[in-house]
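Heads up, the thing below is written out as structure tokens.
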Amino acid sequence: MIATKALRLALLAAGTAGGLSGAAYGLLNGQAGHARRVIGPPIAEPLRADGVHLPTGVGPVPRSEVPEGVRPLEVAVLGDSSAAGLGANFPSELPGVRVAQGLAEELDGPVALTTHAIVGATTRELSAQVDAALRQPPEVVLIIIGANDVTSKLPVSRCAELLAEQVRRLVEADVKVVVGTCPDLGSIRPIPQPLRSVASRWSIALARAQRRSVETAGGYAVPLADLLSPEFLTRPAEFFSPDRFHPSGAGYEAAAEILLPVMCMAIGAWQGGPLPPAPTRSETAEARRPTSRIVAHLNRRLHHHNPGRGLD
């Protein structure tokens, strides 16, 4: 599943980008096998709660319960296991449900949720989900994808281009599109070092390329890695599910909280004033760069040797 795929691509990326020696490749390969055994396969399929969600928090309910003359806002969720909500324990924790309920409350009206996301999907497989969504085009689509692209053997630039093609198809059908870009795979603790650093660099590079491509294609990009890294890195027990790979209900709630304002803005329903610009790189991610760690180490040493300097 996603964990196995992510580890394989990280290993492939390391070998192709860095020209690893046999010993280094063997080390990473051994680490990937260990992490796969620790994470294990998903124990269940993701929950589903498609249907109409009401501003009272009730849902999903059949469309027949919507008052006559009231048309729900149609929302579709596309992507991989993170979009499908694998790891959530209850339907109310699913990212699609949290977004749908948030939109219903903001609009004070019903929202109809349809989920096309598939566990293990890559960007190359996204076109089939777009085909399904466009049979009855929704008004807004949420896409979360990228982590599985590590097994696609495609360059980062090509993965981003494929995403842009599908965003463009939706935009041309008058559908608003919000994309949560690739999460930081370096926040997954079962992946040991140095494999975790390789996975982190690759996923962050993909997220940046996705953001540029999505915005060029007319969609809205939300950099999940930059906005959520602090929580997932510092509170892994809370923000990851028991498999230690997929988000927990709290993790999906954190993602929905940053996705919802952008979705409201996309459909012209945001009343909270201008949204602050999203960071291009989070402070947490920046602090993990080797050069940043070296500078921080030197500063600590200087402070230790000269504790009174700079205070006069």
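The values are calculated or read from the model by the stated rules, or taken from the named source; none is laboratory data. Quick caveat, the model's predicted, so the values are computed rather than measured. We place every Cβ from the backbone using ideal geometry, glycine too, and count neighbours over all the protein chains shown. Note: areas computed on protein heavy atoms with side chains; ligands, DNA, RNA excluded. Shrake-Rupley method; radii C 1.70, N 1.55, O 1.52, S 1.80 Å.
A Förster radius of 45 Å, combined with the Cβ-Cβ distance separating Leu134 from Ser197, puts the computed FRET efficiency at roughly 0.70. Rolling a 1.4 Å probe over the heavy atoms of the protein chains gives segment 109-153 an accessible area of 34 Å² per residue. Residue by residue, segment 62-74 carries 3J(HN,Hα) couplings of x, 4, 5, 8, 6, x, 4, x, 9, 9, x, 6, 8 Hz when phi is fed to the Karplus relation 6.51 cos²θ - 1.76 cosθ + 1.60 (θ = phi - 60°); x denotes Gly or Pro. In order along segment 130-140, the phi-based Karplus estimate (6.51 cos²θ - 1.76 cosθ + 1.60, θ = phi - 60°) of 3J(HN,Hα) comes to 5, 4, 5, 5, 7, 4, 9, x, x, 8, 8 Hz; Gly and Pro are listed as x. Taking the square roots of 5 times each eigenvalue of the Cα gyration tensor of segment 100-186, largest first, gives ellipsoid semi-axes of 25, 15, 11 Å.
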